[in-house]
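Undergrad: Quick one: this structure, given as structure tokens, is what I'll be asking you about.
The values are calculated or read from the model by the stated rules, or taken from the named source; none is laboratory data. Bear in mind that the values here come from a model prediction, so they are computed numbers and not experimental data. Here the Cβ is made from the backbone with ideal geometry for all residues, glycine too, and neighbour counts use every protein chain on show. For accessibility, only protein heavy atoms count, side chains too; no ligands or nucleic acids. Shrake-Rupley method; radii C 1.70, N 1.55, O 1.52, S 1.80 Å.
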Amino acid sequence: MRRLIKPLALLALLGIGGFLVVASCLYLYLSPKLPSVEELKEIELQIPLRIYSQDLKVIAEFGEKKRSPVSFDEIPQPMIDAFLAAEDDGFFEHSGIAVTGLLRAAGELITTGRIRSGGSTITMQVARNFFLSNRQEFTRKFNEILLAFKIEEGLTKQEILSLYTNKIYFGNRAYGIGAAANVYYGKKLNQLTLAESAMIAGLPKAPSSYNPIANPERALIRRNWILKRMLSLDNITEEQYQVALQEPDRASYHGSISELSAAYVAEMVRQQVVDKFGLKAYTEGYSAITTIDSTMQKQGLSAVQIGILAYDQRHGYRGPEETAVAEEEWPELLSKTLTFGTLEPVIVSDVADDRLWVLNRSGDIEELNWLDGLKDLRLYKTVNARSAPITSALDLFSRGDLIRIIRRDDGSPTLAQMPEVQAALVALNPQDGAIRTLVGGFDFRHSRFNRVTQALRQPGSNFKPFIYAAALNSGFTPASIINDAPVVFNDKNLEDMWRPENDGGKFYGPTRLREALYRSRNMVSIRLLRRMGIDRTLEGLQAFGFDTGDMPIDLSLALGSHALTPLKVASAYNIIANGGYSVSPYVLDTVIDRDGNIIYQATPKTLCNSCETDTVDSAIKPAALTAGQSNTDAKAYSAAVNQVDMQLEELLNSLADESIAEEERKSLEVIKRALQQRPTDEAAKPRADRVVNKQTAFLIDSMLKDVITRGTGVKAKVLKRTDLAGKTGTTNGPRDAWFSGYSPHLTVTTWVGFDNNSKIGRNEYGGSAALPIWIDFARQALEGKPDIERPQPDGIVMVKIDAKTGKRVAPNQSGIFEFFRTENVPELIGGETLPGGAVNSLPDDLF
């Protein structure tokens, strides 16, 4: 035995010496190729593009990797303990490697040729995740060891753990614990329970196998093992262990951190940011601030969805979405069927003569009695016809039917269905064109087609104000008389003989332009365009931003035959709303990088309300300034115009609120610092150009106010405001219903129709389908905002005229008052000058 000791000792020494020589050689070979620890300190994690409203509500995130970086101080202690129990319980004691783990890995490599258990500490995983590949080779493992030593020398344990928890992959595109907490539980880190923390800590080892959504049973075993480890390491008490062990897991996919439903806006902004900055926009942690007002956006979405469902209800029930679904398939079908808008899927579990019982997603049975949408329920036959009301639920519904419900304010269900009709709404700031609200359809997930920006639809009578404005600019007056009478046109630009008529087929004879507009008389518009001439009219339309190159050069233009998007229509109305200034619509206001630098800032042309002078004319001002009253109204107006800035300031001040999670607070602080760099001097902004003279803008505004007070938009009087103006629109069929209206605070266009351009029904008009949506939105959007009277500009006078002839009458004679340009004031009846000056002296047959 003694003889063997020396040879064995010598062999051991040779082995150790050989190992040291090989290790030294490897070190000398690999060490120069290793990255420096400084690179770790300077590395930038991939952070997705985040889109915000103007008042900093999160709208959406875009990027392959969802990540919300956190500092070590922001990680709750139970989460730290769970990770250490799962991955490296000796993390705070070792110097970067765990010898036992490495010996185990070495043994596996010798016996199987592969490393199965890993043997990596958290420090080694940081080295691998940041700098090395995942291939399990000896040289890579040796690199891990060397780099782990360097990391331990250059970084604190807290910095290492923070790098690890922010970099590691957790499945479902979530990188880092901040993103994992949101993706799986829809929570911030500080809101997670002990059991949820343990579940997340178990994911890095195998994000697919231990995924609580895809493999809940295996994930639960892994979670419970980690909890047992935490107990054995004295991280938790027996009582905490038992409570966490009994907690059911409620993980589900939370794909978005959205605080505001504005998916159509998010997609518009995503495209714009990527166009400006390329694909790096998805990974550089950019924050895109939009012009969207979060409160208005919620109101707009609600108004559109309510309006669509109201239309749908007027036209009858089309039946269940699916029938005779086998009972064993109910849970899977409900989980796969999306909720669109407020429409929840449910399955009929039983039917009685006067009620239904339905199964919801939560597995609960709810009752729909006769008053929950069954009473007076009529079946859809055609767009113009419905059946008689059903007399029994048994006639229509059966067990296994998939149907939809909506919930009342008290949570109780009522019958509904997926609508086929669509609608759109867009609201603009008259001062600079900022898009405050944009709703491109019923639900983005149901249809990604953005009807505000992409749907080219005929505006019908919604287009008439621009024809009239061109006429007013050419010498016509609101009192000019045009004959509302039938006529047949043999227009070479139209395929056949054209016999236009008014809605209802009636004609009313000589009519003042004002009345013709608020009553939407088609024949007057056609005759007016004929008198104006196509070329002169097209030239006048260019002032409202229309591209007239592809407009029809025939008289159908008077009835809005040229297809336009709702955004283009709203933009044109915005010029009337602000008194004649050209402002372009925009939705992307600011882009800020991860360091708080503004890398893009919109510079829209803007009306200057605080400027003492204007090159042409000041913007609309409160009546108080022109009527010699106090400046109180002016101050109120200024406050209203700058409402968004005040909202932003209020939100930023709320950073002191302790309920805001630390990671969210950090993001908002970065944005706050960046926004404070922006110039606040209104006079420094690019000035909007006047494109419509102030007299014409005043006259057309006055005429459009009558649409609300006595015309086709009279329903809007329910809002009890004096500063509203607008116009309805309905196209042939009818196929489209429109309402565009404004106050000095806001310009809003709404549209209703089918994407396939089919008819919407003979009883559907702009005033019945689109206007209610507009009213519902405006009621909330304008709440608390002061009425603003448009001041009468120089060059405009009010004159008493005869309502039938439009001629001026003596003060002691009966008549109505009308606005005129000073150069177009008619003489008294019997004089030589008629209303509209030389225009009305032309032959009657031209009108």
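Undergrad: Mind checking which residues of the stretch 714-738 are assigned to a loop (DSSP other than H, G, I, E, B), out of contact with any Asp or Glu (no Cβ under 8 Å at 6 or more places or on another chain) and either within 25 Å of K785 (Cα to Cα) or of a type in the set (D, E) (or both)? Steps first, please.
TA: Initially, the stretch 714-738 is screened for residues assigned to a loop (DSSP other than H, G, I, E, B), giving 720-724, 731-735.
Of the ones still in play, those that are also out of contact with any Asp or Glu (no Cβ under 8 Å at 6 or more places or on another chain) are 720, 724, 731-733, 735.
Matches in the stretch 714-738: K720, L724.
A quick yes/no check of all residues on (1) of a type in the set (A, V, I, L, M); (2) at pLDDT 95 or above; (3) farther than 21 Å from Y586 by Cβ:
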{"position": "L279", "(1), (2), (3)": "yes, no, yes"}
{"position": "T290", "(1), (2), (3)": "no, yes, no"}
{"position": "V304", "(1), (2), (3)": "yes, yes, yes"}
{"position": "I308", "(1), (2), (3)": "yes, yes, yes"}
{"position": "Y311", "(1), (2), (3)": "no, yes, yes"}
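Undergrad: Checking the structure you have, find out if any residue of the stretch 99-120 is modelled with pLDDT of 75 or more and either out of contact with any strand residue (DSSP E or B) (no Cβ under 9 Å at 6 or more places or on another chain) or open to solvent by less than 10 Å² (accessible area, probe 1.4 Å) (or both).
TA: First, pick out the residues of the stretch 99-120 that are modelled with pLDDT of 75 or more: 120.
Within this subset, residues satisfying the condition of being either out of contact with any strand residue (DSSP E or B) (no Cβ under 9 Å at 6 or more places or on another chain) or open to solvent by less than 10 Å² (accessible area, probe 1.4 Å) (or both) are 120.
Looking for residues that are modelled with pLDDT of 75 or more and either out of contact with any strand residue (DSSP E or B) (no Cβ under 9 Å at 6 or more places or on another chain) or open to solvent by less than 10 Å² (accessible area, probe 1.4 Å) (or both), one finds at least one in the stretch 99-120, hence yes.
Undergrad: Which condition number in (1) surrounded by 17 or more Cβ atoms within 10 Å (Cβ to Cβ); (2) hydroxyl-bearing (S, T, Y); (3) modelled with pLDDT under 95 is the one that Y508 fails?
TA: In the conditions (1) surrounded by 17 or more Cβ atoms within 10 Å (Cβ to Cβ); (2) hydroxyl-bearing (S, T, Y); (3) modelled with pLDDT under 95, Y508 misses (1) alone.
Undergrad: For I773, indicate whether it is β-branched (V, I, T) and part of a helix (DSSP H, G or I).
TA: Numbers: β-branched (V, I, T): yes; part of a helix (DSSP H, G or I): yes.
Judged against the criteria, I773 is a match.
Undergrad: A further question follows. Just for strands (runs of 3 or more DSSP E) wholly inside the stretch 246-362: which have at least 1 residues that are hydrophobic (A, V, I, L, M, F, W, C) and open to solvent by 10 Å² or more (accessible area, probe 1.4 Å)? Quick ask: steps written out before the conclusion?
TA: Details: elements: 287-290, 344-352, 355-359.
Hits in the stretch 246-362: 344-352, 355-359.
Undergrad: State all residues of the stretch 363-373 that are among the aliphatic types (A, V, I, L, M) and either free of Cβ contacts under 8 Å to residues at least 12 places away in the same chain or not in a strand (DSSP E or B) (or both); if no residue qualifies, say none.
TA: To start, the set of residues in the stretch 363-373 that are among the aliphatic types (A, V, I, L, M) comprises 365, 368, 371.
L371 - this is the single residue of the stretch 363-373 that is among the aliphatic types (A, V, I, L, M) and either free of Cβ contacts under 8 Å to residues at least 12 places away in the same chain or not in a strand (DSSP E or B) (or both).
Undergrad: Is it the case, given these coordinates, that A423 is on the phi < 0 side of the Ramachandran plot, assigned to a strand (DSSP E or B), open to solvent by less than 10 Å² (accessible area, probe 1.4 Å) and small (G, A, S)?
TA: Judged against the criteria, A423 is a match.
Undergrad: Tell me, please, whether a residue that is open to solvent by less than 80 Å² (accessible area, probe 1.4 Å), at negative phi and modelled with pLDDT of 90 or more can be found in the stretch 829-846.
TA: Scanning the stretch 829-846 turns up no residue that is open to solvent by less than 80 Å² (accessible area, probe 1.4 Å), at negative phi and modelled with pLDDT of 90 or more.
Listed here are the residues, each with its yes/no results for (1) touching a Lys or Arg at 6+ places or on another chain (Cβ under 6 Å); (2) at pLDDT 90 or above; (3) surrounded by fewer than 24 Cβ atoms within 10 Å (Cβ to Cβ).
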position	(1), (2), (3)
R140	no, no, yes
L147	no, no, no
E153	no, no, yes
I160	no, no, no
I168	no, no, yes
G171	no, no, yes
L192	no, yes, yes
S197	no, yes, no
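Undergrad: Any residue that is touching a residue at least 40 places away in the same chain (Cβ under 8 Å) and under 29 Å from T822 (Cβ atoms) - is there at least one of those in the stretch 490-509? Before the answer, list the steps.
TA: From the stretch 490-509, those touching a residue at least 40 places away in the same chain (Cβ under 8 Å) are 491, 493-494, 498, 500, 503; that's our starting set.
Next cut, under 29 Å from T822 (Cβ atoms) only: none.
Looking for residues that are touching a residue at least 40 places away in the same chain (Cβ under 8 Å) and under 29 Å from T822 (Cβ atoms), one finds none in the stretch 490-509, hence no.
Undergrad: Please go through the stretch 700-755 and give me each residue that is within 24 Å of N578 (Cβ to Cβ) and surrounded by fewer than 19 Cβ atoms within 10 Å (Cβ to Cβ), ordered by number.
TA: As a first pass, look at the stretch 700-755 and keep what is within 24 Å of N578 (Cβ to Cβ): 700-709, 711-713, 716-717, 719-729, 738-751.
Hits for the stretch 700-755 are S702, D706, T709, K717, L719, K720, R721, T722.
Let's see how each residue does on (1) under 19 Å from G441 (Cβ atoms); (2) at pLDDT below 95; (3) in contact with a Gly (Cβ under 8 Å, 6 or more places away or on another chain):
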| position | (1), (2), (3) |
| --- | --- |
| R721 | no, no, no |
| A725 | no, no, yes |
| T730 | no, no, yes |
| W738 | yes, no, yes |
| G766 | yes, no, yes |
| W774 | yes, no, yes |
| R779 | no, no, no |
| L782 | no, no, no |
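Undergrad: Related question: Quick check on my filter: what residues within the stretch 374-385 are surrounded by 16 or more Cβ atoms within 10 Å (Cβ to Cβ) and closer than 18 Å to L415 by Cα? I'd like the intermediate steps shown before the answer.
TA: Going residue by residue through the stretch 374-385, those that are surrounded by 16 or more Cβ atoms within 10 Å (Cβ to Cβ) are 374, 377-380, 383.
Those that are surrounded by 16 or more Cβ atoms within 10 Å (Cβ to Cβ) and closer than 18 Å to L415 by Cα: L374, L377, R378, L379, Y380.
Undergrad: I've got another one for you. Quick one: is G400 small (G, A, S), part of a loop (DSSP other than H, G, I, E, B) and more than 28 Å from R448 (Cα to Cα)?
TA: On the way: small (G, A, S): yes; part of a loop (DSSP other than H, G, I, E, B): yes; more than 28 Å from R448 (Cα to Cα): yes.
When the stated conditions are applied, G400 passes them.
Undergrad: Okay, moving on. Working only within the stretch 458-491, note down all residues that are at positive phi and either at pLDDT below 95 or open to solvent by 10 Å² or more (accessible area, probe 1.4 Å) (or both). Don't jump to the end; show me each part of the working.
TA: Kept after step one, since they are at positive phi, are these residues of the stretch 458-491: 460, 475.
Answer for the stretch 458-491, where residues must be at positive phi and either at pLDDT below 95 or open to solvent by 10 Å² or more (accessible area, probe 1.4 Å) (or both): just G475.
One line per residue, one yes/no per condition, for (1) under 18 Å from L704 (Cβ atoms); (2) surrounded by fewer than 16 Cβ atoms within 10 Å (Cβ to Cβ); (3) of a type in the set (A, V, I, L, M):
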residue: D554; (1), (2), (3): no, no, no
residue: A558; (1), (2), (3): yes, no, yes
residue: S561; (1), (2), (3): no, no, no
residue: P566; (1), (2), (3): yes, no, no
residue: Y573; (1), (2), (3): yes, no, no
residue: A577; (1), (2), (3): yes, no, yes
residue: I592; (1), (2), (3): no, no, yes
residue: D595; (1), (2), (3): no, yes, no
residue: C608; (1), (2), (3): no, no, no
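Undergrad: May I ask you to list pairs of residues, at least six apart or on different chains, whose Cβ atoms are under 7 Å apart, with the first in the stretch 188-211 being within 13 Å of D249 (Cβ to Cβ) and free of Cβ contacts under 8 Å to residues at least 40 places away in the same chain and the second being open to solvent by 20 Å² or more (accessible area, probe 1.4 Å) and assigned to a loop (DSSP other than H, G, I, E, B)?
TA: As it stands, the answer is L203/Y210, since those pairs meet every condition given.
Undergrad: Say whether the condition of being open to solvent by less than 10 Å² (accessible area, probe 1.4 Å), under 17 Å from F546 (Cβ atoms) and of a type outside the set (V, I, T) is met by at least one residue in the stretch 435-454.
TA: No: the stretch 435-454 contains no residue that is open to solvent by less than 10 Å² (accessible area, probe 1.4 Å), under 17 Å from F546 (Cβ atoms) and of a type outside the set (V, I, T).
Undergrad: Further question on the same structure: Kindly check whether there is at least one residue in the stretch 661-670 that is in a helix (DSSP H, G or I) and modelled with pLDDT of 95 or more.
TA: From the stretch 661-670, those in a helix (DSSP H, G or I) are 662-670; that's our starting set.
From what is left, the residues that are modelled with pLDDT of 95 or more are none.
No, there is no match, as no residue in the stretch 661-670 is in a helix (DSSP H, G or I) and modelled with pLDDT of 95 or more.
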